[in-house]
Amino acid sequence: MADYLWWKHGIIYQIYPRSFQDSDGDGIGDLQGVIDRLDYLNDGTGRSLGIDAIWFSPTYPSPMADFGYDVSDYEGVHPDFGDLATMDRLIAEAHKRGIRIILDFVPNHTSSQHPWFLESRSSVDAPKRDWYVWRDPKPEGSPPNNWIGAFGGPAWEWDQKTQQYYLHSFLVEQPDLNWRNPEVVRAMHGVLRFWMKRGIDGFRIDVMDRIVKDPQLRDNPPQPDRRWAELIGQTALQEHKYDQNWPEILDAVREIRTVVDEFPERMTVGEVFGTPENIVRYYGGARLDGLHLAFNFALARVWDRRWTAEHIRRKVDEFEAALPPGAWPNYVFGNHDVDRLATRLAGGAIGQARARVAALLLLTLRGTPFVYYGEEIGMENVDIPEDRLRDPARRYGRGRDPERTPMQWTRHGGFTAGGPWLPYGDLKDNVEDQSAQPRSLLSLYRRLVWCRRRSDALRFGDYAPVDGTPAGIYAYTRSHGDERLLAALNFTDDAVTFDLPASLHVRECVLGTHEATFAGQTIALAPNEGRLLRLG
């Protein structure tokens, strides 16, 4: 259709590059491995997953203190993954298949090994000193304020040579850039242009909500609800009033959007946090001149106890209500920083059954769906022996290795000819076997994706929740022109039967998590069953 936008109406698939496919046997995934697997992602037929774009976690040169989120060169490729020529081949091969490429853009901080920071740290008079946030200690020698880093501990590190502190919102090895310096802004805008000239289609912007802070660097107030600290860690002890979501960030967002708009059909999606009202501010208000999408993490925070129809509907409806007119929602169940979906939903047989309902939900809601690699085969967290743990951030709390393990291609692994950098999970969940099983989770994903691609109602249509359903049932319609569809989802472990209102006349069952059967006005759903129905 004339109003089709790939980032709005397509499906985006996140690849953690170390873990998708290793092409050279060193146990680390690489870009050539992704090229080798592109037909799995989309070969133009229903045999493939059918996604529209890949978002890559960072592929830049990096000391890997935070596995690529500590960038030492924004215009290169880490040797573990290949080189610029490999990236160019990947872009070209992906585009041949109609797959767009989204890179992770990390604007808040660099590596402490980046040449910019090495120069900045060399002396207080260095030309790039003001490219980072340096401050004198308090009179007694303590850090300039009470800010806590995202991984715990003070967000300031003392530099003995120059006798000042530098700000690091994350690891000590990740010093914060000073986005109040116009030279920094020009340099970072130049990074965006560099990649778009090479054919990159968009950017996932890391911690977009932190790049501009309070110029007075005031202390953050304590967090009134201390229970969050038990779940998130020490950083939740504070209300991040002065180091996150600072109002002037929106000016920086609009400037980034202006740069991206220099190139046709490019997009941005930002990592932001908070209430729906805060998240949608990043779209830019009535003019929609900010981010194209701002991540809605409500479903990524769902675990066993929150897996209820009532909770999920409330989160969807709250985000829909908060969006400015003309703005587009998005949904994500998992990524490289949170436990695997099937694990969060109780794991085992129950987690797998609920993951099927989650797939139908994700791919039939109004908005852009993001799928984390392996989600389509029900990969779960992997219990990794202590001597195999790799995430450097684990020294500050929860490590993220369990959700970053290698893609499970076959019952023998299939990720590498060597030893994988992290151990595999349960290899009974693998692409090869599930491809041959018509009722597997992978087969369900494929049917859902290709159904969505062929349905104007699912890609473009309006969303309306259905009131009056029994407890545990979430139902909603998607409508566009003459096409009307109804999704009916049972979030309980019990069978539920209910009658639809007369205004919703069912013609046929399009597909479902179980055997697709016709349903009339009386809907009988098995435990953890979802159906997509066509209405007359």
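Applying 1/(1 + (r/R0)^6) with R0 = 25 Å to the Cβ-Cβ distance of Glu432 and Arg97, what FRET efficiency is obtained, to the nearest 0.05? Approximately 0.75, to the nearest 0.05. What you get for the chain, charging only the Cβ of Lys and Arg (+1) and of Asp and Glu (-1), is a dipole of about 980 debye around the Cα centre. Shape call for the range 115-167 from the C-alpha gyration tensor, a ≥ b ≥ c root eigenvalues: rounded (a/c under 1.5), prolate (a/b greater than b/c) or oblate? Because a/c hits 1.5 or more and a/b fails to exceed b/c, the range 115-167 counts as oblate. For the range 477-521 versus the range 261-320, the inter-centroid distance based on Cα atoms is 27 Å. Here the 3J(HN,Hα) profile of the range 317-325, calculated from phi with Karplus coefficients 6.51, -1.76 and 1.60 at θ = phi - 60°, is 5, 5, 5, 4, 5, 7, 5, x, x Hz, Gly and Pro shown as x. Each label was represented as a point 7 Å from its Cα along the Cα-to-Cβ direction; for Trp158 and Ala524 these points are 7.3 nm apart. Could you state the angle between the C-alpha long axis of helix 249-260 and the longest principal axis of the C-alpha atoms of the chain, as a value from 0 to 90 degrees rounded to the nearest 10? On a 0 to 90 degree scale, this one is about 70.
Helical content of the chain, expressed as a calculated mean residue ellipticity at 222 nm, amounts to -6500 deg cm²/dmol (DSSP H runs of 4 or more residues, -39,500 (n - 2.57) each, divided by residue number, nearest 500). Between Asp83 and Arg135, the modelled labels are 4.4 nm apart [label points 7 Å from Cα along Cα→Cβ].
Taking a point 7 angstrom from the Cα of Arg218 along the C-beta vector, which residues in the range 240-273 have backbone N less than 19 Å away? In the range 240-273, the label zone of Arg218 (backbone N under 19 Å from the point 7 Å along Cα→Cβ) covers 240-250. Taking only the alpha-carbon positions of the chain and ignoring solvent, what does the Debye formula give for the base-10 log of I(q)/I(0) at q = 0.08, 0.10, 0.11, 0.12 Å⁻¹? Computed log10 I(q)/I(0) values: -0.52, -0.82, -1.00, -1.19.
Relative to the longest principal axis of the Cα atoms of the chain, the long axis of helix 348-362 makes an angle of roughly 90 degrees.
Going from the fewest other Cβ atoms within 10 Å to the most, the residues Val212, Val269 appear in the order Val212, Val269.
Spin-label pair His412-Ala321: with each label point 7 Å from Cα along the Cα-Cβ axis, the two points sit 5.6 nm from one another. According to the Cα-based calculation, Rg over Rh for the range 461-535 is 0.93, with Rh computed by the Kirkwood formula. The fewest-to-most ranking of Phe415, Phe460 by surrounding Cβ atoms within 10 Å reads Phe460, Phe415. Total lysine pairs in the chain at Cα distances under 25 Å, for residues eight or more apart or on different chains: 12.
Could you give the length gained on full extension between Asp499 and Asp387, defined as 0.36 nm per residue of separation minus the Cα-Cα distance, in nm?
Working it through step by step, the gained length comes to 34.8 nm.
Each of Leu323, His114, Pro139 was placed along the dipole of the chain (beta-carbon charges, centred on the mean Cα), and the one lying farthest toward the positive end is Leu323.
The Rg/Rh ratio of the range 394-536, with both radii computed over alpha carbons and Rh defined as the Kirkwood radius, is 1.10. For the range 177-299, the residue among Met267, Met196, Val212 whose Cα projects farthest onto the positive side of the dipole built from Cβ charges is Met196.
Were the residues from Glu248 through Ser122 laid out at 0.36 nm apart, the gain over their Cα-Cα distance would be 42.4 nm.
Each of Met407, Met64 was scored by other Cβ atoms within 10 Å of its Cβ. Listed from fewest to most, they are Met64, Met407.
The numbers here are math on the coordinates, done by the rules we state, and not lab data. Since we're looking at a predicted model, the values are computed, not measured. Ideal geometry is used to build each Cβ from the backbone, glycine not excepted, and the neighbour counts take in all protein chains shown.
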